[in-house]
1. Would you check if A6 is at pLDDT below 95 and crowded, with 16+ Cβ neighbours inside 10 Å?
2. So is T330 surrounded by fewer than 19 Cβ atoms within 10 Å (Cβ to Cβ), more than 30 Å from V170 (Cα to Cα) and touching a Phe, Trp or Tyr at 6+ places or on another chain (Cβ under 7 Å) or not?
3. Do the conditions hold for V173, that is, is it among the aliphatic types (A, V, I, L, M), at pLDDT 85 or above and within 23 Å of G262 (Cα to Cα)?
4. Take the conditions outside any helix (DSSP H, G or I), within 23 Å of A112 (Cβ to Cβ) and aliphatic (A, V, I, L, M) and apply them to V26. Does it pass?
5. Of everything in the stretch 86-117, what is exposed (fewer than 15 other Cβ atoms within 10 Å of the Cβ) and not in a helix (DSSP H, G or I)? Give them in sequence order.
6. What are the residues in the stretch 352-394 that are among the hydrophobic types (A, V, I, L, M, F, W, C) and either at positive phi or without any contact (Cβ under 8 Å) to a residue 12 or more places away in the chain (or both), if any?
7. Check whether at least one residue in the stretch 149-161 is outside the structural domain of A270 (by TED's automatic domain parsing), crowded, with 16+ Cβ neighbours inside 10 Å, modelled with pLDDT of 85 or more and of a type in the set (A, V, I, L, M), and report yes or no.
8. Does any residue in the stretch 239-265 that is under 12 Å from L172 (Cβ atoms) come within less than 7 Å, Cβ to Cβ, of a residue that is surrounded by fewer than 20 Cβ atoms within 10 Å (Cβ to Cβ) and basic (K, R) six or more places away or on a different chain, and which pairs are these?
Amino acid sequence: MAEHPAYPVGLRLTGRRVVVLGGGQVAQRRLPALIAAGADVHLVSPEATPSVEAMADAGEITWSRRRYTEGDLEGAWYALISTSDLEANNLASAEGERRRVWCVRSDDADRATAWTPATGHSEGVTVAVLTTDAKGRDPRHTAAVRDAVIEGLRDGTLVAPQFRTRAPGVALVGGGPGDPDLITVRGRRLLAGADVVIADRLGPRDLLAELPPHVEVIDAAKIPYGRYMAQEAINNALIEHAKQGRSVVRLKGGDPYVFGRGMEELQALAEAGIPCTVVPGISSSISVPGAAGIPVTHRGVAHEFTVVSGHVAPDDERSLVDWASLAKLTGTLVILMGVDKIGKIAEALIAHGKPADTPVALVQEGTTATQRRVDATLATVGERVRAEDVRPPAVIIVGPVVGVGPRPTE
């Protein structure tokens with residue numbers, strides 16, 4: 001049997017009995033896929049890892065808390081043998097052979113009647129990789145091949161065109177805080193398959209250079225106090241291109257719904273009858289402080305964090321922020337879009353009782369190669385911003401967590 005390569009096949013296990021012998025790390029890795037396949041999973045093991053036990057407690061699997069005994073594979077379609085008892089493994093393999101049950105052996109692949117491929121998933125496709133040379137099996141190599149294929153499909157470097165007509169529509173994709181590696185896998189995959197990309201200035205710009213030449217890129221940059229594309233024009237562009245049957249990605253910085261006007265765009269698309277997918281992104285409100293060594297919460301220091309927009313000053317009648325209440329909080333205050341208003345914001349917080357020596361950090365262009373951090377206090381932050389010429393985009397963190405980590409190097 002070892003002289004021939006394995007025959008690859010996809011098992012449809014929905015509702016069918018699958019027996020897993022052993023509740024250790026191997027079972028912990030394999031059980032989620034069996035559960036996802038809809039299998040009727042029966043675990044036989046006197047012990048199990050906490051994660052496996054949680055699956056049993058949740059009713060995802062049936063657990064018999066004992067060792068293997070003859071007859072456990074009766075009625076099974078598939079078996080995973082992963083105990084530390086060699087004799088029990090051999091007996092179970094022999095039973096599987098008699099009952100014509102395909103058996104995977106975690107301890108001895110040569111004595112198994114089935115092998116588990118290295119698998120991965122991307123946009124409705126499962127990639128499974130098996131070694132063709134039965135005598136020279138190298139699981140790490142097959143896993144590396146799997147990873148390369150999946151990564152290529154996800155980031156668009158491995159082009160696999162779809163031959164069925166794609167339904168037109170719009171995807172609102174949160175691009176993350178700026179580092180192109182921090183966009184989600186799904187967001188990157190949608191970007192790779194787009195016909196039109198309408199991009200914000202704060203989105204991961206480096207990803208645009210990777211797009212194929214046929215992709216139309218529309219600049220929707222909203223530069224503070226400079227040129228900008230009105231929101232209505234953005235909405236109209238999304239609708240127009242989608243109605244032309246094109247796949248449109250609205251690439252936004254951070255998360256579409258965190259001060260990103262994502263809901264306004266979704267509402268406009270819904271009114272026009274355009275299907276829309278929303279892909280969350282990593283918000284700069286937590287990722288940028290983290291990149292600068294600042295945790296927004298820390299045990300014994302801050303039990304909550306609050307994110308507010310600072311684009312409207314506290315004394316502006318349009319402000320919806322209750323600065324008086326924020327001044328009373330003991331946790332972390334994260335302010336977005338507030339660089340030019342930080343002086344007035346600091347004055348308001350101090351006036352409402354926030355100590356003037358409360359630490360403040362400003363992180364400009366966080367997660368990018370030009371990231372820099374400027375530290376101050378509420379009393380000094382206005383002058384520090386002017387002296388250091390801090391410019392947007394910058395995230396402002398107020399609270400004792402600023403001093404938790406190692407001090408920033410100048």
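1. When the stated conditions are applied, A6 passes them.
2. no
3. yes
4. When the stated conditions are applied, V26 does not pass them.
5. Once the filter is applied, which keeps residues that are exposed (fewer than 15 other Cβ atoms within 10 Å of the Cβ) and not in a helix (DSSP H, G or I), the stretch 86-117 yields R100, D108.
6. Of everything in the stretch 352-394, those that are among the hydrophobic types (A, V, I, L, M, F, W, C) and either at positive phi or without any contact (Cβ under 8 Å) to a residue 12 or more places away in the chain (or both) turn out to be A369, A387.
7. yes
8. Between residues of the stretch 239-265 that are under 12 Å from L172 (Cβ atoms) and residues that are surrounded by fewer than 20 Cβ atoms within 10 Å (Cβ to Cβ) and basic (K, R), there is no close pair.
The values are calculated or read from the model by the stated rules, or taken from the named source; none is laboratory data. Predicted model only: the values in this text are computed from it and were never measured. Using ideal geometry, Cβ is built from the backbone for each residue, glycine included, and neighbour counts are taken over all protein chains shown.
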